[in-house]
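Heads up: the structure comes next, in structure tokens.
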Amino acid sequence: MSDNDQSPDWDNLQGLWQDAPAIDPTRLFRKARFAWWRVRITLFLNLAICVIGELLCAFVLIKNISLASNVFGIVGLLFCWVTAWFTYKHLRSSLGDMSSEPEKLLELQIKQLNGLIAFARFNIKMTYYGMVFSAVAFWMFYEKHGVFFPTEQMSGMQTFVNGVMWGIPIGILLCPFIYGRFIKRKTQELLGLEASLAALRAAG
């Protein structure tokens, strides 16, 4: 066998190294710190919104205004509880601790991205439940006012509430598209981080 046959394929090796993103320790630490805070803020805000929602729905149930309002309170409590539980489930494993080691920082970011992607997929599924919640809200509004659209007799606040009610289902219908783009973008980012981690381990 000739020397040329025994030599490695340098073109292929060069292609593999070029495909793996270069690792800048300073930039890596800065991105990891941002991701570290992002996951915590996302978890805190979502849990806070769920707690506030549960308190409001419990208040509606206590008032016992009508059948529609009671159904709204029960559906809202279930919605907030399920959202809070799965938010905690998908993001708690992504918290982790900061480290000065590049490999551990990459592992932490990969774990965080997996958690965010799983959380986004959960939110897409919850849009169906959100439509039920929105339908019950319209039922409650109709039961009180006898209409689905604002009238001249309504106060400014009632008109505003009606506008919000119509805006919510529109936002819910857009959620799968918005979260779908988010998942696609974060998946590409995840692949880049996994390539960097593989290159770092190969170099070590």
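The values are calculated or read from the model by the stated rules, or taken from the named source; none is laboratory data. None of the values given here were measured: they were computed from a predicted structure. Counting neighbours? That spans all protein chains shown, and the Cβs are built from the backbone with ideal geometry, glycine included. Quick note on the areas: whole protein, heavy atoms, side chains included, nothing else; ligands and nucleic acids left out. Shrake-Rupley method; radii C 1.70, N 1.55, O 1.52, S 1.80 Å.
Can you sort Trp166, Trp85, Trp36 by solvent-accessible area, 1.4 Å probe, largest first? Please report the intermediate quantities before stating the final value.
Details: Trp166 95, Trp85 120, Trp36 55 Å².
Most to least solvent-accessible, the answer reads Trp85, Trp166, Trp36.
If you average the alpha carbon positions of the stretch 109-140 and of the stretch 150-198, how far apart do those two centres end up, in angstrom?
The stretch 109-140 and the stretch 150-198 have Cα centres spaced 10 Å from each other.
Mind checking which of Thr83, Val71, Pro102 is farthest towards the positive end of the stretch 65-123's charge dipole, using Cβ charges of +1 (Lys, Arg) and -1 (Asp, Glu) about the Cα centre?
Result: Val71, furthest along the dipole toward the positive end.
Can you tell me what the convex hull of the Cα atoms of the stretch 27-111 projects to on average, as an area in nm²?
Working: hull surface 23.1 nm².
Computed as one quarter of the Cα hull surface, the answer is 5.8 nm².
Where Rh is the Kirkwood radius over the Cα pairs of the stretch 100-171, the temperature 4 °C and the viscosity 1.567 mPa s, what D in µm²/s does Stokes-Einstein return?
Values: Rh = 15.3 Å.
This corresponds to a translational diffusion coefficient of 84 µm²/s.
Using the per-residue mean of other Cβ atoms lying within 10 Å as a proxy for protection, in what order, highest first, do the peptides 153-164, 69-80 fall? Each step should come with its number before you reach the end.
Working: 153-164: 12.2, 69-80: 18.6.
Result, highest mean first: 69-80, 153-164.
Return P(r) of the stretch 47-188 (all Cα-Cα pairs; 5 Å bins starting at 0; whole %; ordered from short to long distances).
With 5 Å bins starting at 0, P(r) equals 2, 9, 14, 16, 17, 12, 10, 7, 5, 3, 2, 1, 0, 0.
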